[in-house]
Amino acid sequence: MEGQDRETTGARTVEEGGADIYGEDGAAFLDGSGAVRSAFLAQIGAAIADRDTLILKREVDDLHQSELGDLLEALHPEQRRALVELLGSDFDFSALTEVDEAIRLDIVDNLPNEQIAQAVQELDSDDAVYILEDLDQEDQDEILSQLPFTERIRLRRALDYPEETAGRRMQTEFVAVPPFWTIGQTIDYMREDKNLPDRFSQIFVIDPSFKLLGAIDLDQILRTKRAVKVEEVMHETRHAIPATMDQEEAAREFEQYDLLSAAVVDENERLVGVLTIDDVVDVIQQEAEEDLLRMGGVGDEELSDTVLATSRSRVPWLLVNLVTAFLAASVIGLFDQTIEHIVALAVLMPIVAGMGGNAGSQTMTVTVRALATRDLDIYNAARIIRREVGVGFINGIVFAVLIGMVAGLWFHDPNLGGIIAAAMIINMFAAALAGILIPLLLDRFKIDPAVASAVFVTTVTDCVGFFAFLGLATWWFGVP
């Protein structure tokens, strides 16, 4: 491994060279590209093979949870299982929140529930939920039954919320005080209570029923005299997030109002948790990756998935594409006699369809992104449609002139150049319309436009392109 400049190990690319990131003991772990160095990986692999727990604990102890996650993804499956086993109670389970779901399940499924229950107690509640939510219900119940009552109730409440909601992503550890306390009492409480969260930026104000009344930022507490009551300096929490709100909507709240944290409330406006910016960043990245994968028709595929799982996830949309391909082929079949008389049409018609497909994909990508960020709505839809149609028409003219001249000179037939130029304008215009109207229509019917738009836009541009080009040729040359 050390003799190679570049190699692939597990689901990660391992590279030599570049600037190093060092742990506290000075051992190089990451290179300048953010990949695990092969020398470090070889050292860990050798220690695993020798079952040398002393070396493993020494090398892994100073790694951040995200770096430990990188290491787990770089190792082969049998190595990562052995690493977790050898580290035992010294393994940082928060690293499992940094790896692919398939790797996380592979590790957790090979551990006894007793060990998982012990580790979960040392995690923040949001990390604990992140690990538990992928387990079978039977394993969840067994692990939760081994936890202290209060912690079990908190985790169970979070797990009862639907997936991909604020309730699933929230942290149930927070600081809350009554409004009649003074700032001095609040400060003393934070100094003396050992069960406070490790990090927080807000203190919430609640009534006896836990209904959220307001919040105080820590900087405000530092600026206020001890004798002042909390209710005198608290501010209203205008951006409290319902626990059932979709996590993407919650992330949009953070983005719009520049929040660092936000209270999470239940249907009765009672405080049940807090959503923090670190979790929101993960949500934003997850949703962006999800949209990108869906636009490619690969679902929730991950690099660590097996060959069979990956193949199974891609088959459905390939079948849809096959059906639409037959639809486009049937359009070509309508003009088989024209193609037999003018063979040049078979050479040129993929150009019309291809250019239309690319133009439609450009418009579709912009539209899907605008819908996801809520930049496109009913109030500006007409203006955006006019803009995209105008762009399609202008680009159609530009490329019609270019392809018309090339085709005319190539086949020494100005008529053929004129036909493909006209077809290009028609298809670029249709591509612009399809690229914006199809995502809007799918969104109107509550269908994710990121998932279904591409196949329909491609079908429209193929069919319109072939029909326009071959139809114009049939009419112009008078082919029966």
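The values are calculated or read from the model by the stated rules, or taken from the named source; none is laboratory data. Quantities reported herein were computed from a predicted structural model and do not represent experimental measurements. With ideal geometry, Cβ positions are generated from the backbone for all residues, glycine too; neighbour counts draw on all protein chains shown. Just the protein is used for accessible areas: all its heavy atoms, side chains included, with ligands, DNA and RNA removed. Shrake-Rupley method; radii C 1.70, N 1.55, O 1.52, S 1.80 Å.
Computed from Cα positions, the angle between helix 149-160 and the longest principal axis of the chain comes to roughly 10 degrees.
Length available on full extension from His239 to His64: 0.36 nm per residue minus the Cα-Cα distance, which gives 59.8 nm. Close amide H contacts of Thr165 (hydrogens built in the peptide plane, cut-off under 5 Å, sequence separation of 5 or more or a different chain): Gln247.
How would Val460, Val347, Val177 line up by accessible area, probe 1.4 Å, largest first?
Details: Val460 50, Val347 70, Val177 0 Å².
Largest to smallest exposure gives the sequence Val347, Val460, Val177.
Once all protein chains are placed together, Glu173 keeps about 40 Å² accessible to a 1.4 angstrom probe. Backbone geometry of region 182-197 corresponds, through the Karplus equation with coefficients 6.51, -1.76 and 1.60 at θ = phi - 60°, to 3J(HN,Hα) couplings of 8, 4, x, 4, 5, 5, 4, 4, 5, 6, 9, 6, 8, 9, 6, x Hz, x marking Gly and Pro. Only DSSP H runs of four or more residues enter the estimate; each adds -39500 (n - 2.57), and after division by the residues of the chain the mean residue ellipticity at 222 nm equals -20000 deg cm²/dmol.
In terms of the mean number of neighbouring beta-carbon atoms within 10 Å, the peptides 426-436, 389-399, 323-333, 180-190 order highest first as 426-436, 389-399, 180-190, 323-333. Taking amide H atoms as placed 1.01 Å from N in the peptide plane, the amide H of Leu260 has no partner under 5 Å among residues 5 or more positions away or on other chains. Amide H contacts of Val177: Phe204, Val205, Ile206, each under 5 Å away and 5 or more positions distant or on a separate chain (H built 1.01 Å from N in the peptide plane; Pro and chain starts excluded).
Multiplying the sequence separation of Asp278 and Asn321 by 0.36 nm and subtracting their Cα-Cα distance, what value in nm do you get? Mind showing how you got there, number by number?
Details: separation 43, 0.36 × 43 = 15.48 nm, distance 3.85 nm.
Using 0.36 nm per residue and subtracting the Cα-Cα distance, I get 11.6 nm.
At 1.4 Å probe size, with every protein chain present, just tell me what the per residue accessible area of region 302-343 comes to in Å².
Values: 3040 Å² over 42 residues.
With the other protein chains kept in place, region 302-343 gives 72 Å² per residue.
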